[in-house]
Amino acid sequence: MTGLLELVATPIGNLGDLSPRAIEALAQADRILCEDTRRTRNLLSASSLSAGRRLEALHEHNEEQKIPRVLERLEAGERIALVCDAGTPGISDPGSRLVAASVAAGIKVSSIPGPSALLAALVISGLPTDRFVMEGFLPRRGSLRQRRLAELKAERRTVVLFESPRRIGSTVAELAAVLGGERPLVVARELTKLHEEIWRGSVAEGAAHFASTELRGEVVVVLGGNVEPEREASETDIVAALAQARADGLSTRDAAAEVAEQLGVPRRKVYDLAIGAPGPKR
């Protein structure tokens, strides 16, 4: 029989949030894959569990190369638990590639649900939860970041973002510049911990507040969706989007396809504009 890969959610701050089922899964695992073996060893110790020689590092820098060996162990019948430093593995954390490879190999994958910074911030934000999108960390810089911010301007669902406390000021300032200042904003810091703090206001108020406020700890940003009436993209909008796509190295055909989907306009119309617009044709 093949083994079992269990995704075990761990506390995002309060150790009391580790569920009895999670403790049982960690106790029974033949091997525990974790981002930081020291943090996981401390977690096991706090739960009166022995780490022994079961801990093995699996993080963003080695996940791809570790997958073949992990699959061999699973196929040999091992029961392997996967954890991240905090929360549910696979969400803006290592694990998703291993899960995909395990599923493709016909290995059973199970989830031990529990703490999630994404859901904790969303449900206490006071913003709509019936439709939301998880954006994770925005690209650090360049055209990819600008494109993602432009997409958020049109996004009508509630948006959840992760951000470093060192960059929260600059990120909120960019949101204000691109999205305008009226959208509601919630910044949750140190969720479930002793110094949990929730800031609420508009994007413009957030830009002013975080320009002079230094944060520490884990941060989750929840942004209200665009509630303005939808406006049909103009030819100027299409040409500008095409120019950005071409600057990113896309061919004329690929740029037209991407812009058509992004702006919700017919691909034929976009392609005709792409052919007639200045710039290299590939």
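The values are calculated or read from the model by the stated rules, or taken from the named source; none is laboratory data. The model shown is predicted, which means the values in this text are computed figures rather than measured ones. Because the Cβ atoms are built from the backbone with ideal geometry, glycine has one as well, and the counts that use them run over all protein chains shown.
Observations
- The residue of the stretch 7-27 that is farthest from Val220 (Cα to Cα), among those that are surrounded by 14 or more Cβ atoms within 10 Å (Cβ to Cβ) and among the polar types (S, T, N, Q), is Ser19.
- Leading residue by the ranking (surrounded by the most Cβ atoms within 10 Å (Cβ to Cβ)) among those in the stretch 218-244 that are at pLDDT 85 or above and among the charged types (D, E, K, R): Glu218
- Within the stretch 180-192, the set of residues being touching an Asp or Glu at 6+ places or on another chain (Cβ under 8 Å) and within 20 Å of Leu118 (Cα to Cα) comprises Leu185, Ala188, Arg189, Glu190, Leu191, Thr192.
- Of all residues in the stretch 93-130 being under 16 Å from the mean Cα position of the chain (by Cα) and farther than 29 Å from Gln65 by Cβ, the one that is surrounded by the most Cβ atoms within 10 Å (Cβ to Cβ): Ala121
- All positions within the stretch 1-20 that are more than 12 Å from Ala81 (Cα to Cα) and either touching a residue at least 40 places away in the same chain (Cβ under 8 Å) or part of a loop (DSSP other than H, G, I, E, B) (or both): Met1, Thr2, Pro11, Ile12, Gly13, Asn14, Asp17, Leu18, Ser19
- When residues of the stretch 200-236 are limited to those that are under 23 Å from the mean Cα position of the chain (by Cα) and among the polar types (S, T, N, Q), the one nearest to Lys269 (Cα to Cα): Asn226
- Per the listing Ser102, Ser96, Ser110, Ser92, the residue uniquely at positive phi and hydroxyl-bearing (Ser, Thr, Tyr) is Ser92.
- Any chance Glu24 is farther than 13 Å from Ala86 by Cα, outside the structural domain of Lys193 (by TED's automatic domain parsing), modelled with pLDDT of 95 or more and part of a helix (DSSP H, G or I): yes
- Residues of the stretch 245-274 that are of a type outside the set (A, V, I, L, M, F, W, C), buried (at least 17 other Cβ atoms within 10 Å of the Cβ) and within 28 Å of the chain's Cα centre (by Cα): Arg246, Glu258, Gln262.
- The conditions of being loosely packed, with under 15 Cβ neighbours inside 10 Å and under 28 Å from the mean Cα position of the chain (by Cα) are met by Glu197.
- Scope the stretch 172-198; condition in contact with a Phe, Trp or Tyr (Cβ under 9 Å, 6 or more places away or on another chain) and under 24 Å from Glu228 (Cβ atoms); matching residues: Val172, Ala173, Leu185, Val186, Val187
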